[in-house]
Structures are given as structure tokens and as C-alpha cells.
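Contents: one structure, followed by commentary.
A short reminder: the numbers here are calculations on the coordinates, not readings from a lab. The structure displayed is predicted, hence computed values, not measured ones.
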Amino acid sequence: MTLKKNIENILTRKPDIEVLFEFNGTRRHPAYDGYRPNHLVNDTYLTSGLHRYSDVSEVPPNGQAKGTITFLSPEAYPKCLWEGKKIQIQEGERVVGYAIVIKIFNKILEVKKHSET
């Protein structure tokens, strides 16, 4: 799939995971619904993802919210997520928060057994 199709796809397809977002106060402004930061989904793969927040349109720099993430190209990093995994949310090298996996909708991402938490 081409990059252009991946970008179009991220805006229209169903989310990959449901999460609890926890921002750590390092952002200067709220994160608005539609925010697209990077996510460290495993030790070696940083990918972009689209945030959708449940019941709120923005999350303060040190706030929490439930919501979903739709990743740019989940087929490139299969079997890397499990319920309870904590994923770094990044802007460049700066960690601005975490997403704790509540539910996995895209089964290509799910691993049943894992050795790290």
C-alpha cells in the first residue's frame, strides 16, 4: 500500500485499539480530537496514529481521557500489543504521555502471550 493510501485510510477506517490516554504535562496546549502524534508500539517501531477522544473534544496537557487510536500502517508491526500494555506517545523525541491499551480491535496487532509489561 502506498503512503498516500495509508494516510487516506487512517482518516476513514475503524480504529485499531481503545485506550486510556494519560498526558504528562509536557505539552503546552491541549491535545484535540484528531491529534496525530507518534507511538512507540514496540522497542524498535515508532508509528503515527490518529487519536479520537470519547466524550471530550480536547485533553489538557496533564489530563486523561478514554479514546481510540487508528495507526498508520499496522501491518508493518504485527503481534506487538496486548491489553494493559503502556505505549509511549511522542512528539519527536519528547514523550508527552502514554496510551494504556484497553481493547484491541485489529487482531493483527494482538499478541496473546508476552514477556514484558
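Prolate is the label for the range 16-117, because the ratio a/c of its alpha-carbon gyration tensor axes (a ≥ b ≥ c) is 1.5 or higher and a/b is greater than b/c. Were the residues from Ser57 through Asn9 laid out at 0.36 nm apart, the gain over their Cα-Cα distance would be 15.1 nm.
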